[in-house]
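*Asks:* Handing you this structure, nothing more for now.
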Amino acid sequence: MTSDGDKRVLFVVTSHGQLGDTGKPTGYFLPEVSHPHRILVNKGCTIDFVSPEGGSPPMDPVSAEAMDDISRAFLAHESWRASLDNSLRPDQVDPDRYDGVFYAGGHGTMWDFPDNEPLAEIASSIYTRGGVVAAVCHGPAGLVNVRIGDEYLANGRTMACFTNQEETAVALADVVPFLLEDRLRERGAIIIPAAPFQPQVVTSGRVVTGQNPASAEGVGLAMVKLLGA
């Protein structure tokens, strides 16, 4: 892990750009990248990006429809955008370099995060060495199969994620391959929901999870606190 004052965090984004059989595009949700990124960078953290397939990950076009100043600044920053557009493959990542890992959301994550064993091993390694594991919205799909020893990371933890109620509200409960709230509960998590689309950040030890896009900044702030950045 890096020395104090020089924290390095790995951002995980989806490579999946199709919303089931709907013919509609999806991908990572921009503010769920840009908002935590701003918080962490402003505290001196170095951010690298990884995706299941590496290279340029797809952005959910819905997430750019009402772009705020934070997202606009992220996209306009050449080195930040280049880092995202040239994301690493999991086999190019050395977990020992990182103090934390953050799984950004977006519906695409529901297809390519859960069963990606190399990503799960990266998160497990970072956590086991004392690092922070975080995720927001659909990003916790990347945590459903992460194990620490023989136990699921989620087992016995209080967590937040995009809820069944929210999935129904956006009319995608029958499109996603599973309901994230249900799967995390199956893994032993105790889900602490807020009202639909309201901010909710839950910290359980060195694991931070947020419920929805409105929670992304709060997840970044909670990570800063745990990282001591």
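The values are calculated or read from the model by the stated rules, or taken from the named source; none is laboratory data. These numbers were taken from a predicted model, which means no experiment stands behind them. Every residue, glycine among them, receives a Cβ derived from its backbone with ideal geometry; neighbour counts consider all protein chains shown. Accessible surface areas use protein heavy atoms only, side chains included; no ligands, DNA or RNA. Shrake-Rupley method; radii C 1.70, N 1.55, O 1.52, S 1.80 Å.
*Asks:* Of the residues 143, 119, which is touching a Pro at 6+ places or on another chain (Cβ under 7 Å) and surrounded by 18 or more Cβ atoms within 10 Å (Cβ to Cβ)?
*Replies:* Numbers: 143 fails: touching a Pro at 6+ places or on another chain (Cβ under 7 Å).
Within the list 143, 119, the selection yields 119.
*Asks:* Here's a check for you: in region 146-168, which residue that is touching a helix residue (DSSP H, G or I) at 6+ places or on another chain (Cβ under 8 Å), free of Cβ contacts under 8 Å to residues at least 40 places away in the same chain and in a loop (DSSP other than H, G, I, E, B) is nearest to residue 26 (Cα to Cα)?
*Replies:* So the first thing to find is which residues in region 146-168 are touching a helix residue (DSSP H, G or I) at 6+ places or on another chain (Cβ under 8 Å), and the list is 146-148, 153-154, 159-164, 167.
Still in the list and also free of Cβ contacts under 8 Å to residues at least 40 places away in the same chain: 146-148, 154, 164, 167.
From the residues that got through so far, the ones that are in a loop (DSSP other than H, G, I, E, B) too are 146, 154.
Values: 146: 24, 154: 26 Å.
Selected residue: 146.
Condition check ((1) within 26 Å of residue 6 (Cα to Cα); (2) of a type outside the set (Phe, Trp, Tyr); (3) touching a Phe, Trp or Tyr at 6+ places or on another chain (Cβ under 7 Å)) across all residues:
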{"residue": "43", "(1), (2), (3)": "yes, yes, no"}
{"residue": "63", "(1), (2), (3)": "no, yes, yes"}
{"residue": "66", "(1), (2), (3)": "no, yes, no"}
{"residue": "89", "(1), (2), (3)": "yes, yes, no"}
{"residue": "93", "(1), (2), (3)": "yes, yes, no"}
{"residue": "97", "(1), (2), (3)": "yes, yes, no"}
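*Asks:* Do you know which of the residues in region 48-62 that are in a strand (DSSP E or B) and open to solvent by less than 20 Å² (accessible area, probe 1.4 Å) is nearest to residue 90 (Cα to Cα)?
*Replies:* So in region 48-62, the residues in a strand (DSSP E or B) come out as 48-50, 55, 59.
Narrowing the set further to residues that are open to solvent by less than 20 Å² (accessible area, probe 1.4 Å) leaves 49-50.
Values: 49: 10, 50: 6 Å.
Within region 48-62, the match that is nearest to residue 90 (Cα to Cα) is 50.
*Asks:* Part of a loop (DSSP other than H, G, I, E, B) and free of Cβ contacts under 8 Å to residues at least 12 places away in the same chain, is that true of residue 171?
*Replies:* Numbers: part of a loop (DSSP other than H, G, I, E, B): yes; free of Cβ contacts under 8 Å to residues at least 12 places away in the same chain: yes.
Considered against the rule, which asks whether it is part of a loop (DSSP other than H, G, I, E, B) and free of Cβ contacts under 8 Å to residues at least 12 places away in the same chain, residue 171 comes out as yes.
*Asks:* Name the residue, out of 168, 109, 158, 128, that is buried (at least 23 other Cβ atoms within 10 Å of the Cβ) and out of contact with any Leu (no Cβ under 7 Å at 6 or more places or on another chain). Step through it out loud before you land on a result.
*Replies:* Numbers: 168 fails: buried (at least 23 other Cβ atoms within 10 Å of the Cβ); 158 fails: buried (at least 23 other Cβ atoms within 10 Å of the Cβ); 128 fails: buried (at least 23 other Cβ atoms within 10 Å of the Cβ).
The conditions single out 109.
Table: residues versus (1) within 27 Å of residue 118 (Cα to Cα); (2) open to solvent by less than 30 Å² (accessible area, probe 1.4 Å).
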{"site": "19", "(1), (2)": "yes, yes"}
{"site": "23", "(1), (2)": "no, no"}
{"site": "31", "(1), (2)": "yes, yes"}
{"site": "37", "(1), (2)": "yes, yes"}
{"site": "41", "(1), (2)": "yes, no"}
{"site": "72", "(1), (2)": "no, no"}
{"site": "84", "(1), (2)": "yes, yes"}
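*Asks:* Just to be sure I understand, how many residues within region 180-190 are surrounded by 19 or more Cβ atoms within 10 Å (Cβ to Cβ) and in a loop (DSSP other than H, G, I, E, B)? Talk me through it step by step, then tell me what you get.
*Replies:* Narrowing region 180-190 to residues surrounded by 19 or more Cβ atoms within 10 Å (Cβ to Cβ): 180-181, 183-184, 187, 189.
After this cut, where a residue has to be in a loop (DSSP other than H, G, I, E, B) as well, the list is 187, 189.
So the answer is 2.
*Asks:* Would you check if residue 67 is among the aliphatic types (A, V, I, L, M), free of Cβ contacts under 8 Å to residues at least 40 places away in the same chain and either crowded, with 23+ Cβ neighbours inside 10 Å or not in a helix (DSSP H, G or I) (or both)? Break it down into steps so the answer makes sense when it comes.
*Replies:* On the way: among the aliphatic types (A, V, I, L, M): yes; free of Cβ contacts under 8 Å to residues at least 40 places away in the same chain: yes; either crowded, with 23+ Cβ neighbours inside 10 Å or not in a helix (DSSP H, G or I) (or both): yes.
Here the answer is yes, as residue 67 does meet what is asked.
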